[in-house]
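Structure record follows, encoded as structure tokens.
The values are calculated or read from the model by the stated rules, or taken from the named source; none is laboratory data. Quantities reported herein were computed from a predicted structural model and do not represent experimental measurements. Note that we place each Cβ from the backbone using ideal geometry, even for glycine, and neighbour counts take in every protein chain shown. When the accessible area is computed, the model is the full protein with side chains, heavy atoms only, and any ligands, DNA or RNA have been set aside. Shrake-Rupley method; radii C 1.70, N 1.55, O 1.52, S 1.80 Å.
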Amino acid sequence: MRRLALTLCLLAGPILGGGALAVGLPSEMLRDPVQEQRARDIGHELRCMVCQNQSIEESEADLARDLRRIVRERVAAGESNAQVVAYVHDRYGDFVLLRPPFTLATAALWGAPFIALGGGLAAIFLLLRRRRALPAAAPAPLTPAEQARLAALEDDSAR
Amino acid sequence: MSDIPDTTPKAGTPEPGPASAPGLGRRRALMLAPLGLAVAGGAGFYAMLRGMGTGTYDPRGVPSALVGRAAPPFALPPLEAAGLPAFANTDLAALPGPVLVNFWASWCVPCIIEHPQLMQLSREGVKVLGINYKDKPADAATFLTRHGNPFARLGRDEPGRVAIDWGVYGVPETYLLDRGGIIRWRWAGPVTPEVLEQDIRPLLKRHA
């Protein structure tokens, strides 16, 4: 039973963990699974500066491997997640953070969803208001000439 | 025939003509909007491609976090075969005038492209300090024998840890430090003749 549970855990690991892991070598990993998990969580927040669209946990680049090692050294030395991230952020700047901080330069980035949402809501509001306004303006009553023509047409079709 | 009424507009019915002119102008503006957008986009892309061609714009370029700060502390061993003194951050403050710090490696192809420009600067008396990144000492020495040695000092960073302290993400990278030892500029990529003329020379003049 315990063996089955272990097998299930091992199978579930890569599925639940999500994303490919470049840390393949056991020598790269920390002995303590809790610390290793923390190192992975930190690594997934840090951009590989070489490939730029992968985290350092996913990248095969040399620099990413070096940074993975530094992250693990610092975790093992007892630093908090924020301290480890600050160490890398201090050297590589905002770009290294896959979740960019809110600054003047990133305001448009963070604000874009709210601007889009606001624009969409405004469009819906204006459209609904216009649609509601339309039936309110009742069509002008028919003039005597129009009434006469309508009667003539009805006469034609009745014949 | 008599049942066809006259078609002259009556009072109360909307009149076509001058009254709908603003609506027509708006429609024309809407029709022209995509064209305007395409023109603006085209101009933007043209500027980007031009910048990439002349080397003034790099879409992968990332600003250095160290600009405006002093160089991080380090002490690197020398490359014995080159006969150059070792290189530590304390050397930077002792040097007069602006200096360049260049991260390079013998296995790095763009480093060969930028080498003549470094040689030229060193001949003109600009202090170029080298940090040899993740290289074998013998390979680095062979590179300097073959292409010339522009460096006043040279430190070996075989583990690449000092490079990480500088925020280096690939060789070659070149930093310009003012006379106070503060990092003023970083270039990630080879120092081409254009970079030398358009960036480095004005900066050397400004920080002289």
Scope segment A:93-139; condition aromatic (Phe, Trp, Tyr) and touching a Phe, Trp or Tyr at 6+ places or on another chain (Cβ under 9 Å); matching residues: A:Phe102, A:Trp110
Please work out if B:Arg156 is touching a residue at least 40 places away in the same chain (Cβ under 8 Å), more than 14 Å from chain A (Cβ to nearest Cβ) and part of a strand (DSSP E or B). yes
Go through the residues of segment B:136-157 one by one and say whether even a single one is open to solvent by less than 50 Å² (accessible area, probe 1.4 Å) and of a type in the set (Val, Ile, Thr). no
Scan segment A:41-76 for residues that are assigned to a helix (DSSP H, G or I) and crowded, with 22+ Cβ neighbours inside 10 Å and jot them down. A:Ile42, A:Gly43, A:Ala64, A:Leu67, A:Arg68, A:Val71, A:Arg72, A:Val75
Please find, among B:Leu79, B:Leu129, the residue that is surrounded by 15 or more Cβ atoms within 10 Å (Cβ to Cβ), in contact (Cβ under 8 Å) with a residue 60 or more places away in the chain and either hydrophobic (A, V, I, L, M, F, W, C) or outside the structural domain of B:Gln198 (by TED's automatic domain parsing) (or both). B:Leu79
Within segment B:34-76, take every residue that is open to solvent by 50 Å² or more (accessible area, probe 1.4 Å) and of a type in the set (Phe, Trp, Tyr) and give me the one that is nearest to B:Val171 (Cα to Cα). B:Tyr57
Condition first: polar (S, T, N, Q) and either outside the structural domain of B:Leu92 (by TED's automatic domain parsing) or open to solvent by 60 Å² or more (accessible area, probe 1.4 Å) (or both). Can you find one or more residues in segment B:164-178 that meet it? no
Which one of these does B:Phe103 not meet: (1) aromatic (Phe, Trp, Tyr); (2) part of a loop (DSSP other than H, G, I, E, B); (3) touching a residue at least 60 places away in the same chain (Cβ under 8 Å)? (2)
